[in-house]
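Remarks on the structure that follows.
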Amino acid sequence: MTIQPALQSLKRTLPPFRADHVGSLLRPERLKKARLDKENGIISADQLTAIENEEIRRIVEKQKEAGVLAITDGEFRRSWWHFDFLEGLTGIEGFDKEHGLKFHHIETRGHGIRVTEKIDFPDDHPFLEHFKFLKEAIGENEDGFIAKQTIPSLSLLSRPTIINRDIYPDLDEYYDDLAKAYKKAVHAFYHLGCRYLQIDDTNWGFLADPKNREALKGTESDAEDVARRCAQALNKALEDKPADLIVTMHICRGNYASSWAFSGGYEPVAEILFNQINVDGYFLEYDSERSGDFKPLRFVTRKDLHIVLGLITSKSAELEDIENIKARIQEASQFVPLEQLALSPQCGFASTEEGNLLTEEEQWEKLKWVKKIADDVWK
């Protein structure tokens, strides 16, 4: 299918790019072995870091070869997409649990987090050094590549099982501290040269799930109340962000070993997402019927808000039919102008170090597929 010429627009030179990706990449076996060896005392922390450095340099070049301009470290220094960052905050403690999170036909490793003291963002958060290395690995270039930093959203700390009410009897104070901590994080990354920050937020997929919404009715965690508090805290964190820092939010419904956790379209949370949170763009999961249709995009009224359609699945290796993807982009453009749309996989390829059920080569083919389709649509 050919997109109508009247709707075509120039390729973007600023993120989110027409061909973009969420960030996490499959961990190579060498890295998995090194992490295990470190846990077993076979190698030192410095030796593990050296291996991580080598593998990150390699996948930086692989991303360049795939043609994507947003370059990440693949989250190679993390075990989880969220816990590693959150445990680096002052006041958050990680712990092992007997059971993990329930996904469709699978359960994650047993791990959790809890509040142990007042929350803050420390000056020595390890992710700051991680970003510095990524930026250096990309190097100075004239090809438009940019270091993309991904962090989990403060919304992940909204679950009542995490909040310690002895430390935070007042929820307003709790969310205010979250906002202040994240504001520090935003400015700390910016100071190091970050100009593309992505906030990963599965909480909105959780809040959009009809079963979850019904279960939360009448509780302190009522979906509408949590959504309001999270939106306000996110806006406080971003209220004085530098004008040249682009912040996007990625929303999905869970991604663990190619499985998922939530279902439901964006309709219940669309108005607050698209009109009440001051980000520059959204990465939206749209690779299956579980994500619903494009109608919630009618709430996008801002001309400066970019929507990255996650029409390419990261959960399997099969390459999507190009004409079908073009048709879906055309359908989405009935609600949001084509010049405000872009294309990406619906999630990362390895939200945890286990990774999804495809090979590294198949992963690179997926990213090249995104680039091929985007180049054809946005000429």
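Annotations for the structure displayed:
- Counted residue by residue at 0.36 nm each, then reduced by the alpha carbon distance between them, the extension gain from GLU361 to LEU245 reaches 38.5 nm.
- In order along the range 366-376, phi translates into HN-Hα couplings of 4, 5, 5, 5, 4, 4, 4, 5, 4, 5, 7 Hz, rounded to whole numbers, per the Karplus curve 6.51 cos²θ - 1.76 cosθ + 1.60 with θ = phi - 60° and x for Gly and Pro.
- 25 Å Cα-Cα reach of LYS180 towards lysines, excluding residues that sit fewer than 8 places from it in its own chain: LYS118, LYS132, LYS148, LYS236, LYS241
- When the Cα positions of CYS194, TYR282, ASN324 are compared along the charge dipole of the chain, ASN324 comes out farthest toward the positive end, with charges on each C-beta of Lys, Arg, Asp and Glu.
- Inter-site label distance for ASP321 and ASP304 at 7 Å from Cα along Cβ, in nm: 4.0 nm
- Ligands, DNA and RNA aside, GLU318 has an accessible area near 140 Å² when probed at 1.4 Å.
- Note on the range 24-170: antiparallel DSSP beta bridges, both residues inside, total approximately 80 percent of the bridges counted.
- The helix-based estimate of mean residue ellipticity at 222 nm for the chain, built from -39,500 (n - 2.57) per DSSP H run of four or more residues and divided by its residue count, is -11500 deg cm²/dmol to the nearest 500.
- Chain lengthening between GLU214 and LYS32 when straightened (0.36 nm per residue, less Cα-Cα): 61.5 nm
- Highest-fluctuation residue, GLU55, GLU140, GLU75 considered, GNM on the chain with Cα pairs under 10 Å: GLU140
- Nonpolar atom fraction for the chain, defined as the carbon and sulfur part of the 1.4 Å probe accessible area, stands at 50 percent.
- Those aspartates and glutamates that a straight Cα-Cα span of less than 15 Å connects to LYS366, excepting residues fewer than 8 apart in one chain: ASP20, GLU65, ASP287, GLU318, GLU320, ASP321, ASP375
- What the phi angles of the range 320-335 give under the Karplus curve with 6.51, -1.76 and 1.60, with θ = phi - 60°, is a coupling list of 5, 5, 4, 5, 5, 5, 4, 5, 5, 5, 4, 5, 5, 5, 6, 10 Hz, glycine and proline written as x.
- What you get for the range 235-357, charging only the Cβ of Lys and Arg (+1) and of Asp and Glu (-1), is a dipole of about 280 debye around the Cα centre.
- Accessible surface calculations at 1.4 Å, restricted to protein heavy atoms, place the chain at 42 Å² per residue.
- Listed by chain and number, the aspartates and glutamates whose alpha-carbon sits under 18 Å from that of LYS303, ignoring those within fewer than 8 places in the same chain, are ASP244, GLU271, ASP280, GLU339.
- Annotation: amide H of MET249 within the under-5 Å range of ILE199, GLY281, TYR282, PHE283, sequence separation 5 or more or interchain, hydrogens built in the peptide plane.
- Relative contact order (%) - the chain, alpha-carbon pairs under 8 angstrom, separation at least six: 23 percent
The values are calculated or read from the model by the stated rules, or taken from the named source; none is laboratory data. The structure presented is a predicted model; accordingly, all values stated were derived computationally and were not measured. All Cβ positions, glycine included, derive from the backbone under ideal geometry; neighbour counts span all protein chains shown. The area values use the complete protein model at the heavy-atom level, side chains included, leaving out ligands, DNA and RNA. Shrake-Rupley method; radii C 1.70, N 1.55, O 1.52, S 1.80 Å.
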